[in-house]
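These notes are about the structure you will find just below.
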Amino acid sequence: MPKKYLIFVVFVAVIFILTACAKQPVQISELKHFPVDNLDGIISISNVEIDEEISSDGNGAIRISVPESTTVRLFESENIDVENARLVYQARIRSKDLEGLAYLEILCHFPGRGDFFSRDLQSPLTGTVDWTTEETFFFLKKGDNPDIIKLNLVIGGKGTVWIDDIHLLKAPHQ
């Protein structure tokens, strides 16, 4: 076998191996986007208002001022086919003078089994924090398909929290 041919075969084999081992990009799809420039669809309306001046995207944000701990029920989505995937609840949030923690919570309701939750306790907000992107994940196995997905904001103390640019995403398991 000529030396040039051998070098060519090795080169092609190395390229093939590198291509096969390269990470494929993660396929994330948006299931729902809630821009929150009005209160349409918001479930909990107590202590909730639109703030047109403080916003992460310039189109208004939800401002929640509470005298004590509360869970703000924001949105519910029904009949979304998401089994065998990672649900991602993502939002921009900020806080002012918050005495306690604020974090995202996703609840998935399964017929005959009830609600199961996931909370973003890795990086909750407290005190005064400027806009930050927060996420929480819910891992669904094959055959797990919730009939209702609920997006909440948990505020564990008095203060003011804003939430904006809410997304419900679907990604593969990692």
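Checking the structure you have, find out if any residue of the stretch 154-161 is of a type outside the set (K, R), within 10 Å of the chain's Cα centre (by Cα) and at pLDDT 95 or above. First the steps, then the outcome.
Residues of the stretch 154-161 that are of a type outside the set (K, R), as a first pass: 154-157, 159-161.
Now drop any that are not within 10 Å of the chain's Cα centre (by Cα), which leaves none.
No: the stretch 154-161 contains no residue that is of a type outside the set (K, R), within 10 Å of the chain's Cα centre (by Cα) and at pLDDT 95 or above.
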Original post:
Restricting the first residue to the stretch 109-123 and requiring it to be at pLDDT 90 or above, which pairs with a second residue that is outside any strand (DSSP E or B) and open to solvent by less than 20 Å² (accessible area, probe 1.4 Å) meet a Cβ separation below 8 Å and a spacing of at least six or different chains?
Top reply: H109/P146; F110/P146
**OP:** Under 7 Å between Cβ atoms, at least 6 apart or on separate chains: pull out the pairs that start in the stretch 126-140 with a residue that is closer than 26 Å to E83 by Cβ and end on any residue that is of a type in the set (K, R) and open to solvent by 40 Å² or more (accessible area, probe 1.4 Å).
**Re:** T136/R119
**OP:** Could you run through the stretch 100-134 and say how many residues are in a strand (DSSP E or B) and under 18 Å from T71 (Cβ atoms)?
**Re:** 19
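If I filter the stretch 90-103 for residues that are aliphatic (A, V, I, L, M) and closer than 20 Å to N38 by Cβ, do I get at least one hit?
Checking the stretch 90-103: at least one residue is aliphatic (A, V, I, L, M) and closer than 20 Å to N38 by Cβ.
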Subject >> Hits in the stretch 48-60 (condition: farther than 19 Å from V129 by Cβ and exposed (fewer than 15 other Cβ atoms within 10 Å of the Cβ)) >> reply: E49, E52, G58, N59
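Of the residues A171, A85, which single one is touching a residue at least 60 places away in the same chain (Cβ under 8 Å) and surrounded by fewer than 19 Cβ atoms within 10 Å (Cβ to Cβ)?
Working: A85 fails: surrounded by fewer than 19 Cβ atoms within 10 Å (Cβ to Cβ).
Criteria check complete, one pass: A171.
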Original post:
In the stretch 109-151, how many are open to solvent by 50 Å² or more (accessible area, probe 1.4 Å), among the acidic types (D, E) and under 13 Å from the mean Cα position of the chain (by Cα)?
Top reply: 1
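The values are calculated or read from the model by the stated rules, or taken from the named source; none is laboratory data. Quantities reported herein were computed from a predicted structural model and do not represent experimental measurements. Reconstructed Cβ throughout: ideal geometry from the backbone, glycine too, with neighbour counts over all protein chains shown. Remember, those area values only see protein heavy atoms, side chains included, never the ligands or the DNA or RNA. Shrake-Rupley method; radii C 1.70, N 1.55, O 1.52, S 1.80 Å.
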